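Remarks on the structure that follows.
The values are calculated or read from the model by the stated rules, or taken from the named source; none is laboratory data. Fair warning: this is a prediction, and the values are worked out from it, not measured in the lab. Note that each Cβ is placed from the backbone with ideal geometry, even for glycine, and that neighbours are counted across all protein chains shown.
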Amino acid sequence: MPLSDLGLIGLAVMGSNLARNFASRGFTVSVYNRSPERTNEFIKEFGNEKLVGTFDYVQFVRSLKRPRKIMVMVKAGAAVDGVIADLLPYLQAGDIIIDGGNSHYRDTQRRSKELVASATGGKKIHFVGCGVSGGEEGALHGPSLMPGGSKEAWQQIKVYYQAIAAKDFSGRPCITYVGDNGAGHYVKMVHNGIEYAVMQLMAEAYQMLRVVYKQTPQQIGELFKKYNAGKLNSFLFQIAVPVLTRQDELKKGFLIDAILDRAGAKGTGQWASVDALERGMSISSVTEAVFARSTSAAKNDRLKLSKLYRMLPTKGGSTLGGKKFQTILENALYAAMISCYAQGYELIRKAAAEEKWEVNLAEISRIWEGGCIIRAKLLNVLHSAYQKGNSKNSPLLAVPGIVTLIKKHLPELRALVSFAGTTGVSTPSFSTALFYVQDMTTERLPANLIQGLRDFFGAHTYERTDRPGSFHTEWNQRTINN
Ligand SMILES: NC(=O)c1ccc[n+]([C@@H]2O[C@H](COP(=O)([O-])OP(=O)(O)OC[C@H]3O[C@@H](n4cnc5c(N)ncnc54)[C@H](OP(=O)(O)O)[C@@H]3O)[C@@H](O)[C@H]2O)c1
């Protein structure tokens, strides 16, 4: 029997669809799953000469061309370590393991280290941590792929992965080598953080339209459809239309009204937020989106408190009425989304500097143009702006084309946030998106007062504007009561 080009372990929804995607591009794939029934089911349903079922690691490994290229698509965490440990005795130097799950980048860094020759009895196994976005449909028809880790391995696997990836706006594959060790999984984590923020912006826009403007889900769906035909064109706006307009099959009315307002999370938004906090960076729109999901989860408490307070949202000033509001909202969404990207990209820049990854933000923008959940026309705008600005790694807010866009639409974002403040509808992600741009573009922030206070109560010292060094003032404690 001829040997397979690739091996794939883990036949849940993502692994099955990726295996089928590889096979549909003409590659032969040997598959393996811990529970053999799943392998049998998969082969029964999709098996052909390109998809080969195997039932133990010996059979699996022997069925692969060398160097072996093995993609692991199992539950992130301990399962990945378990699979690697079980596989290792059968592998040879030069073989490649590609973890395509949502692994934490610190785990990917650890695994990259553990698979070097000294730790594996002289066998140098290449390890690639590959972010995969696009859900089950993306996995089957073309995901956005963010591989990081062994560059040598990347040279050997790229022909396969470029073939299955989605296409960007120019028809190039949505994949690029992101950087060493955990860089691919890091960028995927930030992608998911931005996804949280964009979805929260959409939810806040929906709530304004629903509560303040008394729009029906159908009307909001139609407005989002209009937005999707313009500069907000994106996968998330596209799928929001059916989500908003679908009729409930179990009772009369829109399904959206029957869906409980308690948002779930798998944790990558939290990972991104914690990582930003640890690196001393602000991704406040992402973090607010995570907090908003946590608040939504406290449904029972909210229910009780809403009865106690009965603070029904009030309609704000009349200046933002009707059609005008729809335009302001569209432009505010656009500016806020750019702000979310700017926050995420700054986090990537900081991490890249600290972890010594050579990340190219123009390329990251490009590979997010297609296949992934945040794919959007805006990403092509960011990619083009980086190219025209002749820069691949500067802060997004400093790229000339983006400066123009922000200057144009920031007043509308400001108008929306101040209007929202009068309505009783909360807009945490819109607000932080505005504040992030405002603060990052403000020469003098009030942190001088914070430094003065810290020095007063804790002798924490401060720097001065007019000379270098660290200063402490003997503040007169007696002034406290004056
Ligand atoms: N679902 C998505 O939209 C999506 C998108 C991007 C990335 N991801 C990531 O891709 C990976 C796969 O996702 P998924 O949704 O297809 O599957 P999943 O539900 O995360 O994991 C199920 C798969 O993992 C295997 N598995 C679990 N524990 C194992 C262990 N200890 N040893 C060996 N195999 C084990 C299962 O085998 P059994 O059949 O034997 O239980 C099954 O094949 C995950 O890391 C996920 O976070 C998912």
Please determine, by comparing only the residues of region 118-152 that are in a loop (DSSP other than H, G, I, E, B) and surrounded by fewer than 16 Cβ atoms within 10 Å (Cβ to Cβ), which one is nearest to the ligand (Cβ to nearest atom). G121
Exactly one of S296, S306, S282 is small (G, A, S) and either touching a strand residue (DSSP E or B) at 6+ places or on another chain (Cβ under 8 Å) or closer than 23 Å to I348 by Cβ (or both), and that one is S282
Suppose the filter is in the same structural domain as N360 (by TED's automatic domain parsing), modelled with pLDDT of 95 or more and hydrophobic (A, V, I, L, M, F, W, C); does M146 pass it? no
From the list Q219, Q215, Q155, Q200, which one is away from the ligand (no atom under 16 Å from the Cβ), assigned by TED's automatic domain parsing to the domain that holds A12 and of a type outside the set (G, A, S)? Q155
Report yes if I259 is exposed (fewer than 15 other Cβ atoms within 10 Å of the Cβ), of a type in the set (A, V, I, L, M) and more than 23 Å from the chain's Cα centre (by Cα), otherwise no. yes
When (1) out of contact with any Pro (no Cβ under 6 Å at 6 or more places or on another chain); (2) touching a residue at least 24 places away in the same chain (Cβ under 8 Å); (3) buried (at least 23 other Cβ atoms within 10 Å of the Cβ) are applied to G371, the one that fails is (1)
Please indicate, with yes or no, whether at least one residue in region 103-117 is at pLDDT 95 or above, crowded, with 23+ Cβ neighbours inside 10 Å, of a type in the set (S, T, N, Q) and not in a helix (DSSP H, G or I). yes
Scan region 125-143 and report the pairs whose first residue is closer than 17 Å to V74 by Cα and whose second residue is more than 9 Å from the ligand (Cβ to nearest atom) and of a type in the set (V, I, T), with Cβ atoms within less than 7 Å and a gap of 6+ or a chain change. F127/I97; V128/I96; V128/I98; V128/I157; G129/T108; C130/I98; G131/V187
Close pairs (7 angstrom Cβ cut-off, 6 or more residues apart or separate chains): of a type in the set (V, I, T) in region 417-446, buried (at least 18 other Cβ atoms within 10 Å of the Cβ) and not in a helix (DSSP H, G or I) anywhere: V417/T427; T422/G316; T423/G316
